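Throughout, read-outs are computed from the coordinates displayed, never taken from laboratory work. Model, not experiment: these values are computed from the prediction. Heads up, the Cβs are rebuilt from the backbone with ideal geometry, glycines too, and the neighbour counts pull from every protein chain shown.
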Amino acid sequence: MTADLIVTNARVLTMDAFHPRAEAVATAAGRILAVGKRADVEALAGPDTQVIDGKGRTVLPGFVESHLHLVLGGAELGHLHVSGLHGMEALRDAFRRFGAAHPDRPLLMAQGADYAMLDHPVTRHDLDAILPDRPIAMTSHDHHTVWANTAALRAAGILHGMDTPHGHEVVMGADGTATGELLEFEAFAPVIALGGEARLNLGIATGEEPSPWPDAAERAIDKAKIEAGLRHCAAQGITSMVNMDGNRYTLELLREMQAEGRLTARVKVPFHFKPHMDLSALDRAEDMTRDFNDDWLQSGFVKMFMDGVVDSRTAFMLRDYPDQPGHRSEPLFSQDKFYQIATEIDRRGLQIAVHAIGDGAVRTTIDGYEAAQKANGRRDSRHRIEHIELIDASDIPRLGALGITASLQPPHPPGAMDFPLMPTLDRIGRARWKDAYLWKTLADQGAALAFASDWPVTDVSVMRGMQAALTRVPYEGCADERVGLMASLHAYTAGGAWAAHREHLVGRLVPGMAADLVMIDGDVEATPPEAMGTTGIALTICGGRITHQAM
């Protein structure tokens, strides 16, 4: 068989334990045709074969992004980005420049604000001092808090508060009006809606579908934002992704893009189960699983949030927050209810992915998975816990024992990449630093690792994530939790594929598997860890199609 495309003269890391290294890769009809020595692979070229000289650069399986928010990330590319800005003057200048450049936007939305941006907690009055006459808001870097000015709160109809589900809060002041701080997705959804992105926010805010169903013009707007996100991800070498918010609408948009030839990555989308739902809602998850199950679009899993985040003290802890005695937060699902839900999801043969950041949330999730396994018997479920920022020592070996996947984000530990050390480390407390962000410890005790960015919470760049993974400095008195170059690459490729039940298709360069590969602009094994983040992506190929080229 003649190859459609050959990448040769490269340092190929196949992520296949039986044949870990090669010099060239050939693809045909969207699949890997051959992997091996240069002369053998080049012999498969025909007159129409595209041959790419790797020039000694590293070729890997296309990166598997195990936890991102594609739709939100694509939309946010058009927002103001304030990551790294501190102080009122810098914030004011950024918003006013952005407002002048976008005079007709109904909402000026900023992304990447950190909790220590000002020297005091942000209120609507701070934002009023920037632009009092236009609705403005900014999202925290973890995407669990939004701060809005008075104009935005009034336009959204929540200046005087709003009834919200447990765990979501419009924070109210002593004067009976909102302070401007909005905690969790359903509290700030009305503000997001001002910017015309309510449809795209449903997958994470409520898990419900748009009603009425969007017309062709509205879907075109939404697909354009998804396409921008896909293009951005392709430039980082990403060919497969697990979207961590979703509904049927997300999948229908992607299916339309697939038919239009605009789908440039393989995407898994969950059914988002919310605390207010009853078990019959899982029928929708089964419908999505049945209707979307090809090499490009899949569902097959249910996403849940067990808690919030450390910085806003909404992460559920086993012990009191050291800077707020008596407060541990609460899980979004009670223990008994989660046991029931997890058991039913598992009984239906679906995978479960639970956001759990605090050690209390992590334990509740592990206990629920154990209950499901006792009720239904052990199967190849690969249930996942997303983030695991804090874990009690007694729970660490339970992940490996129960077959639970640790879905972790190298950019997340404070100080590793873009997140500042404070206030997170103060919220955790020095006595618990040794229990935070335990990648190596989890792996050493049997947990399977999958790495990701959680984009747009952090930069989606895999190479920057690799640098964070390899250069992270242990907190004072704590162990080194880095897992090394090859283990990190595995967690971004074969490990992510396994966690998504797609190891038969992606994650390794093996004949017959998908022709998804990435060429790093250099020799990744010779690149100093501290330079990893500035190493570019020369080429991305998905399904045998070049989706990014910067050669």
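Using the crude model of +1 on Lys and Arg Cβ and -1 on Asp and Glu Cβ, and no other charge, please compute the dipole size for region 216-499 relative to its Cα centre, in debye to 20. Don't jump to the answer; show the numbers that get you there.
Working: 34 positive and 39 negative charges, 73 e Å.
It comes to approximately 360 debye.
Test of understanding: what is the full-extension gain from residue 330 to residue 2, defined as 0.36 nm times their sequence separation minus their Cα-Cα distance?
Working: separation 328, 0.36 × 328 = 118.08 nm, distance 5.96 nm.
Gain on stretching residue 330 to residue 2: 112.1 nm.
What does the C-alpha gyration tensor say about the overall shape of region 216-499? Classify as rounded when a/c is under 1.5, otherwise prolate if a/b is larger than b/c, or oblate. Can you show the working numbers first?
Working: a/c = 1.66, a/b = 1.24, b/c = 1.33.
Oblate.
Nearest 500 deg cm²/dmol is fine: what mean residue ellipticity at 222 nm does the chain get from its DSSP H runs of n ≥ 4 alone, each adding -39,500 (n - 2.57), divided by its residue count?
Calculated mean residue ellipticity at 222 nm is -9000 deg cm²/dmol.
State, to one decimal in nm, how far the label point of residue 259 lies from the label point of residue 97, with both points 7 Å from Cα in the Cβ direction.
About 4.3 nm separates the two model spin labels.
Charges at C-beta only: +1 for Lys and Arg, -1 for Asp and Glu. How large is the resulting dipole of region 290-413 about its Cα centre, in Debye rounded to 20?
The dipole of region 290-413 has a size of about 400 debye.
Roughly how many Å is it from the Cα centre of region 338-401 to that of region 1-69, as a whole number?
Each part reduced to its Cα centre gives a spacing of 37 Å.
Which is farthest toward the positive dipole end of the chain among 357, 226, 141, measuring Cα position about the Cα centre, with Cβ charges +1 (Lys, Arg) and -1 (Asp, Glu)?
226
What does the highest-first list of 124-132, 170-178, 411-419, 513-521 look like by mean Cβ count within 10 Å?
Values: 124-132: 18.0, 170-178: 14.6, 411-419: 21.2, 513-521: 26.0.
Order by mean packing, descending: 513-521, 411-419, 124-132, 170-178.
Give the peptides 298-308, 86-96, 201-211 in descending order of average Cβ contacts within 10 Å, highest first.
Peptide ranking by packing, descending: 298-308, 201-211, 86-96.
Check which residues have an amide H placed less than 5 Å from residue 415's amide H, if you skip close sequence neighbours.
Amide H to amide H, under 5 Å and 5 or more residues apart or across chains, residue 415 pairs with 421.
Any idea what the relative contact order of the chain is, in percent, if you count C-alpha pairs under 8 Å spaced at least 6 apart?
Numbers: 1278 pairs, mean separation 94.6, N = 551.
In percent, rounded to a whole number, it is 17.
Given the C-alpha centroids of region 232-307 and region 505-538, what is the distance between them in whole angstrom?
26 Å
May I ask you to order 388-397, 258-267 by the average number of other C-beta atoms within 10 Å around their residues, highest value first?
Details: 388-397: 19.6, 258-267: 18.0.
Answer by packing, highest mean first, reads 388-397, 258-267.
With charges only on Cβ, +1 for K and R and -1 for D and E, what is the dipole size of the chain about its Cα centre, in debye, rounded to 20?
Details: 52 positive and 73 negative charges, 210 e Å.
Approximately 1000 debye in magnitude.
How would you classify region 79-202 from its alpha-carbon gyration tensor, with a ≥ b ≥ c the square roots of the eigenvalues: rounded for a/c under 1.5, else prolate if a/b is greater than b/c, otherwise oblate? Before the final figure, lay out each step's value.
On the way: a/c = 1.43, a/b = 1.25, b/c = 1.14.
Taking the square roots of the gyration eigenvalues as a ≥ b ≥ c, region 79-202 is rounded.
If you fit an axis through the alpha-carbon atoms of helix 88-101 and take the longest principal axis of the Cα set of the chain, what angle between them do you get, 0 to 90°, nearest 10?
Tilt relative to the chain: about 70 degrees.
I need the phi-derived Karplus couplings for region 419-424: 6.51 cos²θ - 1.76 cosθ + 1.60, θ = phi - 60°, integer Hz, Gly and Pro marked x.
Running phi through 6.51 cos²θ - 1.76 cosθ + 1.60 with θ = phi - 60° gives 7, x, 5, 10, x, 4 Hz.
Identify, among 151, 79, 123, the residue whose Cα sits farthest towards the positive end of the charge dipole of region 49-160, taking +1 on the Cβ of Lys and Arg and -1 on the Cβ of Asp and Glu, with the dipole about the Cα centre.
Result: 79.
Report the full-extension gain for the segment residue 89 to residue 18: residue separation times 0.36 nm, less the Cα-Cα distance, to one decimal in nm. Walk me through the numbers on the way to the answer.
Details: separation 71, 0.36 × 71 = 25.56 nm, distance 5.76 nm.
Length gained between residue 89 and residue 18: 19.8 nm.
May I ask you to derive the relative contact order of region 79-202, considering only C-alpha pairs under 8 Å and at least 6 residues apart, and to give it as an integer percent?
21 percent
Determine ³J(HN,Hα), in whole Hz, for all residues of region 155-160 in sequence, where each value follows from phi through the Karplus function 6.51 cos²θ - 1.76 cosθ + 1.60 and θ = phi - 60°; x replaces Gly and Pro.
My calculation for region 155-160 gives 5, 7, x, 10, 4, 9 Hz in order.
List the residues whose amide H sits under 5 Å from the amide H of residue 65, counting only those 5 or more places along or on another chain, with H placed 1.01 Å from N in the peptide plane.
Long-range HN contacts for residue 65: 239, 240, 241, 242.
Working out 0.36 nm times the residue gap between residue 51 and residue 294, then minus their Cα-Cα distance, what length gain in nm do you get to one decimal?
Numbers: separation 243, 0.36 × 243 = 87.48 nm, distance 2.90 nm.
Result for the pair: 84.6 nm of gain on full extension.
With θ taken as phi - 60° and the coefficients 6.51, -1.76 and 1.60, list the Karplus ³J(HN,Hα) couplings across region 230-244 in order, rounded to whole Hz; mark glycine and proline as x.
5, 5, 4, 5, 4, 5, 9, x, 8, 10, 9, 8, 10, 6, 9
Which of the listed residues, 182, 101, 470, is farthest toward the dipole's positive end in the chain, when Lys, Arg count +1 and Asp, Glu count -1 at the beta-carbon?
So the residue furthest toward the plus end is 470.
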